[in-house]
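See below for the structure under consideration.
The values are calculated or read from the model by the stated rules, or taken from the named source; none is laboratory data. The model shown is predicted, which means the values in this text are computed figures rather than measured ones. Virtual Cβ from ideal backbone geometry, glycine too; neighbours counted across all protein chains shown. Just so you know, the surface numbers come from the protein's heavy atoms only, side chains and all, with ligands and any DNA or RNA stripped out. Shrake-Rupley method; radii C 1.70, N 1.55, O 1.52, S 1.80 Å.
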Amino acid sequence: MEFPELHTERLCLTRIKSQHADAFYDIMSRDEVTYYYGMESLTDRSQAEEIIRSFQEGFENQQAIRWGLIEKESKAFIGTIGLNRLQLLGKKAEIGYEVHPDYWRRGYAREAVNEVLHYSMGKLDLYRVGAVTFVENDSSRTLLKSIGFKEEGILRGYLYQRKQSHDAVVFSIIQPEWNGGAT
């Protein structure tokens, strides 16, 4: 399968390569980004390089697709979005994303999620896309609900971060519910 490059009005969703390691490290080393991420902040650029390699492996094994978010106007790498736990035969995946704080509250995550859903429900013919987030992550919960994701319930002690277990909220959207990105 050839890597699917996607485009929105303001973003190019592209394959993440080693050339993006510095920008990816800059994002993922920020505690404000990883606070509700389910992993600790990166402390070394080599960790970013290893994660980027794992993105490639996940794609090659058809178990994940992770796109870099490139702002078209500035050409800046502003975050990533991806399908994790991808099961093409089972017609499902989980979506995850992060955006550099300088680009928060500008609608980039919504734009990217809608485009990935369009690709997932259309080209990949997935029936279900799930999402898991910290109970306290109001921004992500609000975004998911506004796009049409339904809250399914709580996974107790599901995420381990900052030396403690945290409850998580499970969301999903299924093909019959998705409105094609209209808001």
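Share of pairwise Cα-Cα distances greater than 25 Å in the chain is 31 percent (whole percent). Converting phi to 3J(HN,Hα) with the Karplus coefficients 6.51, -1.76 and 1.60 and the offset θ = phi - 60°, the range 24-40 yields 5, 4, 4, 6, 7, 8, 8, 4, 5, 7, 8, 3, 10, 9, x, 8, 6 Hz in sequence order, with x at every glycine or proline.
Averaging 1/r over each pair of different alpha-carbon atoms in the range 106-175 and inverting the result gives 12.9 Å, the Kirkwood hydrodynamic radius. Cut-off 10 angstrom, C-alpha nodes, Gaussian network model of the chain. Which of TYR158, TYR36, TYR108 fluctuates the most? Result: TYR158 has the largest fluctuation of those listed. What the Cα atoms of the range 54-148 give is an Rg and a Dmax of 13.4, 38 Å. Using a 1.4 Å probe over the heavy atoms of the protein chains, calculate the carbon and sulfur portion of the accessible area of the range 14-148 as a whole percent. Exposed carbon and sulfur together represent 45 percent of the surface. Descending by average beta-carbon neighbour count within 10 Å, the peptides 114-121, 56-63 line up as 114-121, 56-63, the highest first.
Distance between the 7 Å Cα→Cβ label points at GLU5 and GLU40: 3.7 nm. For LEU144, the shell of other residues with beta-carbons less than 13 Å away shows a net charge of -1, using +1 for Lys and Arg and -1 for Asp and Glu.
State in Å² the accessible area per residue of the range 67-183; use a 1.4 Å probe, count heavy atoms of protein chains only, and round to the nearest integer. Provide the component values of the computation, followed by the final result.
Details: 5880 Å² over 117 residues.
It amounts to 50 Å² per residue over the range 67-183.
For ILE65, neighbours were defined as the other residues whose beta-carbon sits under 13 Å from its Cβ, and their charges (Lys and Arg +1, Asp and Glu -1) total -2. Cross-link partners for LYS92 among the lysines, with Cα-Cα distance under 22 Å and sequence neighbours closer than 8 places in the same chain left out: LYS123, LYS145, LYS150.
Return the calculated 222 nm mean residue ellipticity for the chain, to the nearest 500 deg cm²/dmol, obtained by summing -39500 (n - 2.57) across DSSP H runs with n ≥ 4 and dividing by the residue count.
So the calculated ellipticity at 222 nm is -8500 deg cm²/dmol.
Neighbours of GLU5, meaning other residues whose beta-carbon lies under 14 angstrom from its beta-carbon, give a summed charge of +3 when Lys and Arg score +1 and Asp and Glu score -1.
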